[in-house]
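Before any comments, here is the structure.
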Amino acid sequence: MKIALFATCIVDAMYPEVAQATVTILRRLGHQVIFPEGQSCCGQMHINSGKFAQAEPVIANHVRAFTDTEWDVAVAPSASCVASLGHQQPMVASRMGNDALASEAAEVAGRTYELSQFLTDVQGVTDAAADLGSYFPHRVTYHPSCHGMRLLRLGDRQSDLLRSVEGIDFVELPLADSCCGFGGTFSVKNPEVSSAMLADKIRTVQSTGAEVCTGGDASCLLHMGGGMSRFQRTGSFEGAPDVTAVHVKHTSSNDPSDDNTDHLTAVVGAGDDDHLKSSGHSTRPTEPSPVQSGLRVGQSTVHLARILASTKEDPLRVQSEGATVSGGSLR
């Protein structure tokens, strides 16, 4: 199959390794991958801000880029951008009176898949270890992005693929369906609210004890990774002065079937965080806990494409194995 890679602007600019991992996965399945020249932004940022007139030429550029060459399907490592193609582009073109562009945009969108959509719905991949050779022996939690859940309705596609990676220790994220606070331009226009939402999300990530938080949208991971990085440096989040560091204590498991009796339990001092408390007692430290700096909890984010592309022969390494973490994200 001839597949057109829709890299998305944030991946192209900030996380090119995600695009490379996507290509690796597709080629591993025997496909030819091409990169349509001229592709840029899908127009989502303009549309979300109500700038339809400014979005129209951006949409036209995307359509031109993906109609100037022949391909069978397009694949993107981003639920947000794929959702924009189908949910927003035809609507905006119609609203601007450009029915021809609306029709072309709908045709391109109809053949464009988010990565996990393509792997499960088109390729029938159900076992990442067996079908892709995926190997990642680390504790991982997963954040489902809002667009993936609510517009593309990805359901368990991404998490099921992650669970089937060889060696992975997959742990559920509490309140996983809550927004991380990015929302594209929302985080710029409403930084205080965005930071408060981010604080809640990062605290749930920390409560899992995961080394890595993954997901299918680089934009959410950029936001969350930056929050993790700031929190680990300062014990607080900009724009959310009521957020304090997570105090961590050692507890022993009462479950005789549990071989590992040494656990990390997050105890958060905010009154709305009862879902994170393991007992009726809470601690609200006035400064970052002394164990915070050495705690391997939620230390980095990484796109699921990179985990799926990781193999025993060419493994993706985490920070404890010498990997570089920049802005809270594995590089």
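Quick note: the coordinates plus some simple rules give every number you see, no bench work behind them. Note that the structure is a prediction, hence the values are computed from the model and not measured. A quick note on method: Cβ atoms are made from the backbone with ideal geometry, for glycine too, and the neighbour counts reach across all protein chains shown.
Under 5 Å from the amide H of residue 300 lie the amide H atoms of 213, each residue being 5 or more positions distant or on a separate chain, with H modelled from the backbone and absent for Pro and chain starts.
Put simply, the amide H of residue 76, placed in the peptide plane, has neighbours under 5 Å in 6, 113, 114, 115, leaving out anything fewer than 5 places away on its chain.
In order along the range 29-34, phi translates into HN-Hα couplings of 8, x, 8, 8, 10, 10 Hz, rounded to whole numbers, per the Karplus curve 6.51 cos²θ - 1.76 cosθ + 1.60 with θ = phi - 60° and x for Gly and Pro. What's log10 of I(q)/I(0) for the range 2-119 at q = 0.09, 0.12, 0.19 Å⁻¹, Debye sum over Cα points only, no solvent? Cα-only, vacuum Debye calculation for the range 2-119: -0.22, -0.39, -0.95.
Dipole of the range 2-119 computed with +1 at Lys/Arg Cβ and -1 at Asp/Glu Cβ about the Cα centre; of 22, 36, 105, farthest Cα towards the positive end is 22. Annotation for the range 125-194: GluC sites (Glu not before Pro) lying in DSSP loop with at most 15 further Cβ atoms inside 10 Å of their Cβ are 172.
Label-to-label distance for residue 122 and residue 312 is 3.0 nm, based on points extended 7 Å past Cα in the beta-carbon direction. If the chain linking residue 176 and residue 35 were pulled fully straight, counting 0.36 nm for each residue of separation and taking away their Cα-Cα distance, it would gain 47.4 nm. Residues within the reach of a label modelled at residue 169 (point 7 angstrom out along Cα to beta-carbon, backbone nitrogen below 16 Å), restricted to the range 126-146, are 136-142.
Between the beta carbons of residue 99 and residue 51, assuming R0 = 22 Å, the FRET efficiency works out to 0.60 to the nearest 0.05. Applying 1/(1 + (r/R0)^6) with R0 = 25 Å to the Cβ-Cβ distance of residue 13 and residue 320 gives a FRET efficiency near 0.35.
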